[in-house]
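Working notes, structure below.
The values are calculated or read from the model by the stated rules, or taken from the named source; none is laboratory data. Please read these numbers as outputs of a predicted model, since none were measured by experiment. Neighbour counts run over all protein chains shown; Cβ positions are idealised from the backbone, glycine included.
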Amino acid sequence: MSESMEVQIYESVADVTGEMLLAAREHDWERLAQLEQRCADFVQQLKSCTEEHLSGPSLQRKIASIKKILADDREIRNLVDPWMVKLSAMISSNSNERRLGSSYRQ
């Protein structure tokens, strides 16, 4: 993979994580899931290649992309984690209600 292609993929991942952050802010979980798959596809491209030694501006672009990816990921987790806790509690509550309901019928 060429140096510029590697950097372009990192920048594409950074763009997608930015879109993911917007989707999370809007509570658009379906869009977030679609974008996660798109991001995973780019990451797979990076995994399937040998990493080239980058220098100068290319290295700086890669570093800037990684910093943005990490910052977006952190904020996405801050937005999604409370929702996941709430969803887990709802599922657990629903499961408990079903168990209670079935024990009364017996």
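Scanning the stretch 35-48 for residues that are touching a helix residue (DSSP H, G or I) at 6+ places or on another chain (Cβ under 7 Å) and either over 16 Å from Gly18 (Cα atoms) or of a type in the set (Asp, Glu) (or both) turns up Glu36, Gln45, Leu46. In the stretch 23-35, the condition of being more than 21 Å from Pro82 (Cβ to Cβ) and either modelled with pLDDT under 95 or buried (at least 19 other Cβ atoms within 10 Å of the Cβ) (or both) is met by no residue. The C-beta contact set for the stretch 18-39 (first residue within 18 Å of Lys68 (Cα to Cα), second residue among the aromatic types (Phe, Trp, Tyr) and assigned to a helix (DSSP H, G or I), distance under 8 angstrom, 6+ apart or interchain) comprises Ala23/Trp29.
Among the residues making up the stretch 36-50, a single one is of a type in the set (A, V, I, L, M) and either under 15 Å from Ser4 (Cβ atoms) or not in a helix (DSSP H, G or I) (or both): Leu46.
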